[in-house]
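A.B. asks: Structure incoming, see below.
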Amino acid sequence: MNKYYHIATYGCQMNVHDSEKIAGILEQKGYKASKIEDADIIVFNTCCIRETAEKKIFGNIGDIKRLKKQNPSIIVAVVGCMSQQQGMQELLKKRFPFIDIIMGTTNYHKISQAIDHVLLIKHYYGSVVYEEKPEIIEDVPIYRTSGVNAWVNIMYGCNNFCAYCIVPYVRGRERSREPQKVLDEIKSLLDKDYKEITLLGQNVNSYCNDMDNGWSFARLLENIAKIKGKFRLRFMTSHPKDFNKEIVDIIASSPNICNHIHLPVQSGSNRILKLMNRKYTREHYLEIIDHIKTIPGVGITSDIMVGFPTETDQDFEDTLSLVKQVRYSNAFTFVYSPRKGTPAAEMEQIPASIKKQRITKLVALQNKITREISQEYIGLTKEVLVEDINPKFENTLCGRTESGRLVNFEGNKSLIGQFVDIKILKAKSASLWGERQ
Ligand code: SAH
Ligand code: SF4
Ligand code: F3S
C-alpha cells in the first residue's frame, strides 16, 4: 500500500531547502508527496523570525487536530527553527498533545529513525538538540522541488547576533561546507541540467572564515564561475559588513554570476544600525552600493525593517532617504517583531500605530521606485531563464532576467528550462510582460 507525506514549509530559502532534504529522506523510505488530507506523515518545517510566522504555524498545527481525530495513525512532526527556541518543545507538547515528533534544525536528518520509533513504540519522540557547532551532515538525499533552480548550502548558522534576530539562537554558529563538496554538488547538478544554482547561507560573505583553508567567498565564486557550460549563479544572503569590492569585481567579470545583489540594509539611520549591532554605517553601505552600481544592469534588492526599538521619526526619515538614494529594484519590508531572548526585545518598544504608519509609507515609496525601474525595461530585450507556466494566464510562461526581474510572455511549456530573448513591452509594478524575439 502506498504511504504519503506532506511537508508544510515556513520561513526562508534555507528552510525550503531543508524541506527538500526531509522529502529526500521520506522518498527514500518509500513515502510519496501528497495533499495534507491524504498524508500519513505531516511535517511542519517551522520559522520563528517574527511573531506573525509563529502565530500562523500555531494555527495550522491546531487545524491538524481534526485530521488526527479521524485517523489517529497519522504521524505529526514539527521540525525547524521554532522547535529550537527555549521552552518551545514543552509548549508545543502542552498545546498540541497529538504531536508525535519534535526535532530541531540540526538533527532533522534523523527523522527516519524518529518515524520508526513512533511506528514501533507508538510513543512521542522529542529530540531537539542545541549544539553551538553541530557537525555538517553530508550526503542526505535531496528531493528537489524548485524547478530549474537548485539550492546549494555553502554554510550553516550565523555569528552576527543582530540585536533583533533569533536566527543565531536557533541555528547555531557559522559552519562552512568544504569547498570541494560545494563544487562537486554544483557540477553534478549542472550535469543533471539544472540551469540556475543559488548558494545559501545566512551570511555567505563570511564563507570559510571558520576554517583555516585559505578559501573565501570570493574564491568560491571564482571557482564556480569557471565551471564550463551555460548556467546562472545566484547567492543569498550577503551582509554589508563583509561585502567587498573583490566580490563586485568577480561578479562584473563573470558572465555566469547574475547581476543581482541582495544586500539587506535594515535601516538608514546610523543610530539604529548601531543599536541593531549591524557593524556598518549608512556611509559604508552607500559606498558598497556605489561599487555595485558599476556592474551593468545590476538589480539591487534589500530587507528593510521599521519600528526597531527607539526608532524616531528622524531615524525613519533616514531610512526613506537611503531607499530613495539606492533605488532598490525591490525590497522585503518588515515591521520589527520582538523575539524573546534577543537584546532588542529588552529595549524600549515603540507603539504599534507608529510602526503601521511607517511601514505603509515605506511600502508606498518602494512600490513607486519598483514601478519606475520596471518602466525603464520597456523596449529592452533581455535574456530570460524560463521557469514555469504562469497559471493565471493561458499559454503564458514566466521566467527571470539575470537581474532578478519576473517576466511573462506567451509560449509553449517546452521552453521551460531554456534561455530565451524577450523584448519587454509592458510593465506592471514588479512584473514585466514581453514577447519572444
Ligand atoms: N541572514 C539574512 C536574513 C535573515 S532573516 C540577513 O542577515 O539579512 C530575513 C530578514 O528578516 C532580515 O533581513 C530582517 O530584515 C528580518 N527580520 C529578522 N528578525 C526580525 C524581527 N525580529 N522582526 C522583524 N523582522 C526581522
Ligand atoms: Fe539574523 Fe543578522 Fe544573522 Fe542575518 S546576519 S541571520 S539578520 S543575526
Ligand atoms: Fe525563519 Fe529559521 Fe529562516 S527563523 S527565516 S526559517 S533561518
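The values are calculated or read from the model by the stated rules, or taken from the named source; none is laboratory data. Please read these numbers as outputs of a predicted model, since none were measured by experiment. Cβ sites come from the backbone with ideal geometry, for glycine too, and all protein chains shown count toward neighbours. Remember, those area values only see protein heavy atoms, side chains included, never the ligands or the DNA or RNA. Shrake-Rupley method; radii C 1.70, N 1.55, O 1.52, S 1.80 Å.
A.B. asks: Do you know which of the residues in the range 311-331 that are open to solvent by 50 Å² or more (accessible area, probe 1.4 Å) and outside any helix (DSSP H, G or I) is nearest to ligand 3 (Cβ to nearest atom)?
C.D. replies: Across the range 311-331, the extreme among qualifying residues is Asn330.
A.B. asks: Could you tell me whether Asp100 is at negative phi, of a type in the set (Asp, Glu) and within 16 Å of ligand 1 (Cβ to nearest atom)? Give the steps one after another, and end with the answer.
C.D. replies: Numbers: at negative phi: yes; of a type in the set (Asp, Glu): yes; within 16 Å of ligand 1 (Cβ to nearest atom): no.
For Asp100, the condition - at negative phi, of a type in the set (Asp, Glu) and within 16 Å of ligand 1 (Cβ to nearest atom) - is not met.
A.B. asks: Which of the residues spanning the range 392-402 are closer than 16 Å to Gly299 by Cα and open to solvent by less than 20 Å² (accessible area, probe 1.4 Å)? Break it down stepwise before answering.
C.D. replies: Kept after step one, since they are closer than 16 Å to Gly299 by Cα, are these residues of the range 392-402: 399-402.
Matches in the range 392-402: Gly399, Thr401.
A.B. asks: Name the residue that is most open to solvent (accessible area, probe 1.4 Å), counting only residues in the range 228-261 that are of a type in the set (A, V, I, L, M) and touching a His at 6+ places or on another chain (Cβ under 8 Å).
C.D. replies: Going through the range 228-261, the residues of a type in the set (A, V, I, L, M) turn out to be 233, 236, 247-248, 250-252, 257, 261.
The next check asks that each one be touching a His at 6+ places or on another chain (Cβ under 8 Å); those that pass are 236, 248.
Working: Met236: 43, Val248: 2 Å².
My answer is Met236.
A.B. asks: Then there is this: If I go through the range 403-423 residue by residue, how many of them are within 26 Å of the chain's Cα centre (by Cα) and crowded, with 22+ Cβ neighbours inside 10 Å?
C.D. replies: To start, the set of residues in the range 403-423 that are within 26 Å of the chain's Cα centre (by Cα) comprises 403-408, 416-419.
Filter once more, so that each one left must be crowded, with 22+ Cβ neighbours inside 10 Å: 405, 407.
Adding up the residues that qualify gives 2.
A.B. asks: With the structure loaded, tell me whether Ile272 is in the same structural domain as Pro168 (by TED's automatic domain parsing), open to solvent by less than 20 Å² (accessible area, probe 1.4 Å), touching a residue at least 40 places away in the same chain (Cβ under 8 Å) and outside any helix (DSSP H, G or I) or whether it fails that test. Reasoning before the result, please.
C.D. replies: Values: in the same structural domain as Pro168 (by TED's automatic domain parsing): yes; open to solvent by less than 20 Å² (accessible area, probe 1.4 Å): yes; touching a residue at least 40 places away in the same chain (Cβ under 8 Å): yes; outside any helix (DSSP H, G or I): no.
Here the answer is no, as Ile272 does not meet what is asked.
A.B. asks: Of all residues in the range 70-123, count the ones that are open to solvent by 30 Å² or more (accessible area, probe 1.4 Å), in contact (Cβ under 8 Å) with a residue 60 or more places away in the chain and either in a helix (DSSP H, G or I) or aliphatic (A, V, I, L, M) (or both).
C.D. replies: Residues meeting the conditions: 1.
A.B. asks: Return yes when Ile25 is in contact with a Phe, Trp or Tyr (Cβ under 8 Å, 6 or more places away or on another chain), buried (at least 16 other Cβ atoms within 10 Å of the Cβ) and at pLDDT 95 or above and no when it is not. I'd like the intermediate steps shown before the answer.
C.D. replies: Numbers: in contact with a Phe, Trp or Tyr (Cβ under 8 Å, 6 or more places away or on another chain): no; buried (at least 16 other Cβ atoms within 10 Å of the Cβ): yes; at pLDDT 95 or above: yes.
No.
A.B. asks: Next question. Select from the range 158-178 the residues that are at pLDDT 95 or above and among the small types (Gly, Ala, Ser) and write down the one among them that is farthest from the chain's Cα centre (by Cα).
C.D. replies: Among those that are at pLDDT 95 or above and among the small types (Gly, Ala, Ser), it is Ala163.
A.B. asks: May I pose another question? For the range 162-176, check the following and say yes or no: at least one residue is more than 16 Å from ligand 3 (Cβ to nearest atom) and not assigned by TED's automatic domain parsing to the domain that holds Glu20. Walk me through it before giving the result.
C.D. replies: Initial filter on the range 162-176 (more than 16 Å from ligand 3 (Cβ to nearest atom)): 176.
In the following step, the residues that additionally are not assigned by TED's automatic domain parsing to the domain that holds Glu20 were identified as 176.
Yes, the range 162-176 contains a residue that is more than 16 Å from ligand 3 (Cβ to nearest atom) and not assigned by TED's automatic domain parsing to the domain that holds Glu20.
Listed here are the residues, each with its yes/no results for (1) surrounded by fewer than 22 Cβ atoms within 10 Å (Cβ to Cβ); (2) basic (Lys, Arg); (3) closer than 15 Å to Ala163 by Cα.
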residue: Leu263; (1), (2), (3): yes, no, no
residue: Ser267; (1), (2), (3): no, no, yes
residue: Thr294; (1), (2), (3): yes, no, no
residue: Gly297; (1), (2), (3): yes, no, no
residue: Ser302; (1), (2), (3): no, no, no
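A.B. asks: Could you grab me the full set of residues in the range 166-209 that are open to solvent by 20 Å² or more (accessible area, probe 1.4 Å), assigned to a loop (DSSP other than H, G, I, E, B) and in contact (Cβ under 8 Å) with a residue 60 or more places away in the chain?
C.D. replies: Residues satisfying the conditions are Asp193, Lys195, Gln202.
A.B. asks: Let me ask another. Can you work out which of the residues in the range 353-372 that are open to solvent by 20 Å² or more (accessible area, probe 1.4 Å) and of a type in the set (Val, Ile, Thr) is farthest from Ala430 (Cα to Cα)?
C.D. replies: Kept after step one, since they are open to solvent by 20 Å² or more (accessible area, probe 1.4 Å), are these residues of the range 353-372: 353-357, 359-361, 363-365, 367-368, 371-372.
This time we only want the ones that are of a type in the set (Val, Ile, Thr), so: 354, 359-360, 363.
Working: Ile354: 27, Ile359: 18, Thr360: 17, Val363: 13 Å.
Here the residue is Ile354.
A.B. asks: List every residue pair whose Cβ atoms lie under 7 Å apart, where the two residues are 6 or more positions apart in sequence or sit on different chains, the first residue falls within the range 32-47 and is assigned by TED's automatic domain parsing to the domain that holds Val170 and closer than 8 Å to Val78 by Cα, and the second residue, located anywhere, is crowded, with 16+ Cβ neighbours inside 10 Å and among the charged types (D, E, K, R).
C.D. replies: Filtered contacts from the range 32-47: no entries.
A.B. asks: Right, here's the next one. May I ask you to list pairs of residues, at least six apart or on different chains, whose Cβ atoms are under 7 Å apart, with the first in the range 210-229 being without any contact (Cβ under 8 Å) to a residue 40 or more places away in the chain and on the phi < 0 side of the Ramachandran plot and the second being open to solvent by 50 Å² or more (accessible area, probe 1.4 Å) and not in a loop (DSSP other than H, G, I, E, B)?
C.D. replies: These pairs meet every condition: Ala218/Glu246.
A.B. asks: Let me ask you something else. One residue is enough: does the range 125-138 have a residue meeting the conditions surrounded by 19 or more Cβ atoms within 10 Å (Cβ to Cβ) and free of Cβ contacts under 8 Å to residues at least 60 places away in the same chain?
C.D. replies: Going residue by residue through the range 125-138, those that are surrounded by 19 or more Cβ atoms within 10 Å (Cβ to Cβ) are 125, 128.
Applying the additional criterion that residues be free of Cβ contacts under 8 Å to residues at least 60 places away in the same chain yields 125, 128.
Scanning the range 125-138, I find at least one residue that is surrounded by 19 or more Cβ atoms within 10 Å (Cβ to Cβ) and free of Cβ contacts under 8 Å to residues at least 60 places away in the same chain, so the answer is yes.
A.B. asks: Can you give me the number of residues within the range 1-51 that are within 17 Å of the chain's Cα centre (by Cα) and among the polar types (S, T, N, Q)?
C.D. replies: 6
A.B. asks: Please enumerate the residues belonging to the range 210-227 that are over 13 Å from Ile250 (Cα atoms) and either touching a strand residue (DSSP E or B) at 6+ places or on another chain (Cβ under 6 Å) or surrounded by fewer than 16 Cβ atoms within 10 Å (Cβ to Cβ) (or both).
C.D. replies: Our first condition is that a residue be over 13 Å from Ile250 (Cα atoms); within the range 210-227, this holds for 210-215, 227.
Across the range 210-227, the qualifying residues are Asp210, Met211, Asp212, Asn213, Gly214, Ile227.
A.B. asks: Sticking with this structure for a sec: Among the listed residues Phe308, Phe334, identify the single one that is of a type in the set (Phe, Trp, Tyr), touching a Leu at 6+ places or on another chain (Cβ under 8 Å) and crowded, with 17+ Cβ neighbours inside 10 Å. First the steps, then the outcome.
C.D. replies: Working: Phe334 fails: touching a Leu at 6+ places or on another chain (Cβ under 8 Å).
Matching residue, one of Phe308, Phe334: Phe308.
A.B. asks: Being touching a helix residue (DSSP H, G or I) at 6+ places or on another chain (Cβ under 7 Å) and open to solvent by 40 Å² or more (accessible area, probe 1.4 Å) is the filter; apply it to the range 337-346 and report the residue that is farthest from ligand 3 (Cβ to nearest atom). It would help to see each step written out before you state the result.
C.D. replies: Start the filter on the range 337-346 by keeping residues that are touching a helix residue (DSSP H, G or I) at 6+ places or on another chain (Cβ under 7 Å), which leaves 337-339, 341.
In the following step, the residues that additionally are open to solvent by 40 Å² or more (accessible area, probe 1.4 Å) were identified as 338, 341.
On the way: Pro338: 14, Gly341: 13 Å.
In this case the residue turns out to be Pro338.
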